[in-house]
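First the structure, in the form of structure tokens, and then the observations on it.
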Amino acid sequence: MLKKKFLLGLAISAFCLYLVFRNIDFAALRRSLAEVRYLYLLLALIFVFLFTFFRALRWQYILNPVKRIKTTDLFEITTIGYLANNILPARIGEVVRALVLSKTEGIRAASSLATIITERFFDVITLLLILALGSRHLPLPRAKGYIIFLAGGSFGLICVFMLLIRYKKERLFQMIHKVFKPISGKVADRVQQSIQGFGQGLEALRCGGNLLVVSALSVIIGLSMGAIYFFAALGFGITLSLSRLILLISMIFLGVTIPSSPGFIGTFHYFCIKGLLLGGVKDKHLALSYAIVIHLIQYIPESLTGLFFLWKKGISLGEIHTAEVPIEAVQE
């Protein structure tokens, strides 16, 4: 199954790369790349590391009820997860993070993964909130109503879902079995395991102060991500308004959610270009130059720092490559 998914991802990446480079004048592309202003790229690079730091800091607050761990240690593990996503198939970065944390800090893999699931929910909530608040400024008049409805509705459903897990967990599990049992008992069990994991992660947020800090850090993480794309765009002479920045990030988010090769090669570039063109950039060569550079600004530093911290912790690439093997253990 994983092999088929990997091959599908390679095929989609190859097709996206074909669309990206079709009818491209490489001389014009080289000119666009040569005119970049490196000071702005340096600012974008600084925010790449700040983005990772704030993610590690948020993870620390979510992990506190399980074990108090230094932010620097979690920063290192986060970069190792990025490395796994960048070079290995199946997008096992989150599983790798859970297993490295389990190995280095003595925390059960299931507990580690539960906190990571909670992180992802806050990421989705932040993105949906940004979409709902910023959609009225998007340069897509016909889509505004649909975006507000979908983003706002999804945000509301997730909030209800979180409250059900927090206060009506058993009732929620009964509903899940009623819905999924006719399809497959195994599917019902897996969904329940995932929700139980998320419920464990929410234990960190019993304290109102913790919830406030995690929510604030989620907003800061979103702003840091926006700063990466904003400053990199200035390096190419592109000024992104708030609405166009939201559009670009939303398109890239869509691109990295579909199957692709490791590192989101092809899908990232295609949807990044589409986001810029929809936002008013007229020159496809300029958009492609930006897509190439903004991808490399994240891919290379993340991979190199991940490799360094992997070496520092005495873990081999082979060990993280086999991280998908104990997934069942993670779901215990």
Checking Leu128, Leu101, Leu133 in turn, the sole residue that is under 24 Å from Phe54 (Cα atoms), modelled with pLDDT under 75 and either surrounded by 14 or more Cβ atoms within 10 Å (Cβ to Cβ) or touching an Asp or Glu at 6+ places or on another chain (Cβ under 9 Å) (or both) turns out to be Leu133
Restricting region 104-125 to residues that are on the phi < 0 side of the Ramachandran plot and small (Gly, Ala, Ser), the one surrounded by the most Cβ atoms within 10 Å (Cβ to Cβ) turns out to be Ser112
Every listed condition ((1) farther than 30 Å from Leu41 by Cα; (2) at pLDDT 70 or above; (3) assigned to a loop (DSSP other than H, G, I, E, B)) holds for Leu240 save (1)
Residue pairs within 8 Å by beta carbon, gap of at least six or interchain, first lying in region 27-44 and surrounded by 12 or more Cβ atoms within 10 Å (Cβ to Cβ), second among the acidic types (Asp, Glu), listed first then second, are Ser32/Asp283
Flagged pairs (Cβ under 8 angstrom, 6 or more apart or on separate chains; first in region 241-265, of a type in the set (D, E, K, R); second in a loop (DSSP other than H, G, I, E, B)) are Arg244/Pro139; Arg244/Gly279; Arg244/Gly280
When you look at Val160, is it surrounded by 13 or more Cβ atoms within 10 Å (Cβ to Cβ), within 25 Å of Ile130 (Cβ to Cβ) and modelled with pLDDT of 65 or more, yes or no?
no
Across (1) over 26 Å from Ile117 (Cβ atoms); (2) modelled with pLDDT under 95; (3) among the small types (Gly, Ala, Ser), Ser218 clears everything bar (1)
For region 262-285 the number of residues that are surrounded by fewer than 23 Cβ atoms within 10 Å (Cβ to Cβ) and of a type in the set (A, V, I, L, M) is 4
TODO: Examine region 70-80 for a residue that is under 17 Å from Glu319 (Cα atoms), free of Cβ contacts under 8 Å to residues at least 40 places away in the same chain and not small (Gly, Ala, Ser), and state whether such a residue exists.
DONE: yes
- request: Using the structure shown, decide if Val293 is of a type in the set (Val, Ile, Thr) and at pLDDT 95 or above.
  value: yes
Exercise. Determine whether region 24-37 contains at least one residue that is under 19 Å from the mean Cα position of the chain (by Cα), in a helix (DSSP H, G or I) and polar (S, T, N, Q).
Key: no
message: Looking for something within 15 Å of the chain's Cα centre (by Cα) and in contact (Cβ under 8 Å) with a residue 24 or more places away in the chain - is there at least one such residue anywhere in region 95-103?
response: yes
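The values are calculated or read from the model by the stated rules, or taken from the named source; none is laboratory data. Nothing here was measured: the structure is a model prediction, and the numbers come from that model. Every residue, glycine as well, gets a Cβ built from its backbone with ideal geometry; the counts of neighbours run over all protein chains shown.
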